[in-house]
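Please read the structure below before turning to the comments.
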Amino acid sequence: MRYRSDVLVISVTGEVDLSAEPALAEALDADDARVLIVDLTNVAFLAVTGLRLLIAANDRAIAAGGGLGVVAHDRTALRLLRMGQAALPVFPSLSDAIRELAGPAVVLT
């Protein structure tokens, strides 16, 4: 879902495991938005393979001068997202992520 021309929100559902890896990798690589927000609120399971994809996407976004944020509130997913060297920005809601990462909308007159 395109929030603004420079902000893309990817809503993920179900289980993010090895079988979901190709689809998630494609979604994370498919756009050149400055800000990428990955909404995991409807994810039942997040495997390490999904975490690796998110970390790689975050690294690419930072290198391109942008950013990536993850929306999650499931305890298991949060534990994995905050584990070790992940250092992914995690937000409790989509509105929080958009407000923090995208900043105010620019109104052209």
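The table below gives the values:
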| read-out | value |
| --- | --- |
| The one condition in (1) more than 14 Å from the chain's Cα centre (by Cα); (2) among the hydroxyl-bearing types (Ser, Thr, Tyr); (3) within 21 Å of residue 4 (Cα to Cα); (4) at pLDDT 90 or above that residue 93 fails to fulfil | (1) |
| Subset tally (residues that are touching a Ser or Thr at 6+ places or on another chain (Cβ under 8 Å) and charged (D, E, K, R)) for the range 38-69 | 1 |
| Every residue from the range 53-82 that is touching a helix residue (DSSP H, G or I) at 6+ places or on another chain (Cβ under 8 Å) and farther than 23 Å from residue 6 by Cα | 80, 81 |
| Flag for residue 40 being touching a His at 6+ places or on another chain (Cβ under 9 Å) and crowded, with 20+ Cβ neighbours inside 10 Å | yes |
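The values are calculated or read from the model by the stated rules, or taken from the named source; none is laboratory data. Note that this is a predicted model, so its numbers are computed, not measured. For neighbour counting, all protein chains shown are included, and Cβ atoms are generated from backbone atoms with ideal geometry for every residue, glycine included.
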